[in-house]
Amino acid sequence: MGLSEKKPDSGVASHRRTLGGARQEATERAVLHGSNDFEVSGWTLNVSRGGARLVLFDEEVQTGVQYMVTLGEKSKGRAAEVIWVRKEPDGQIVGVKFKDVEGTVPPPPRLLEQREAYRRSHPPRHDSEPPPPDS
């Protein structure tokens, strides 16, 4: 699947996607600046308080590496670390975490309430337990 193709929605909500706060869809130019004049450009897919998901072209980036990230034309840049990378035939989709955010970014209170309600109604199972019977 290329970067221009949209992945079908599975209908299952991902908790991981909401941990950094509400994500805002974005289509701004993104540039990652690294050491030794390294620079790679692309576009934002979405941005949250704690990070961003970017489409990058040309050069490849690696997880764990820190860059100065510029989003949009007027941004002065923020230090960020590449947390995950998904290679695509025509580039990479990467997740970056902004370094100027202390610790983890707490989700909004409404999401905390929803998550707690889900955990109460779906207690964790151990691998040794058989799955519940189908209704």
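Counting other Cβ atoms within 10 Å, which trypsin sites (Lys or Arg not before Pro) in segment 62-95 have at most 12 and lie in a DSSP loop? Numbers along the way, then the final one.
Numbers: sites: Lys74, Lys76, Arg78, Arg86, Lys87; in loops: Lys74, Lys76.
Here the sparse-neighbourhood loop sites are Lys74, Lys76.
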Subtracting the Cα-Cα distance from 0.36 nm times the residue separation, let me have the gained length for Ser41 to Gln62 in nm, one decimal.
6.1 nm
Report the gain in length on full extension from Lys74 to Val101: 0.36 nm times residue separation, minus Cα-Cα distance, nm rounded to one decimal.
7.7 nm
Stretchable slack from Glu88 to Ser121, in nm (0.36 nm times residue separation minus alpha-carbon distance)
8.1 nm
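The numbers here are math on the coordinates, done by the rules we state, and not lab data. None of the values given here were measured: they were computed from a predicted structure. All Cβ positions, even for glycine, are placed from backbone atoms using ideal geometry, and neighbour counts span all protein chains on display.
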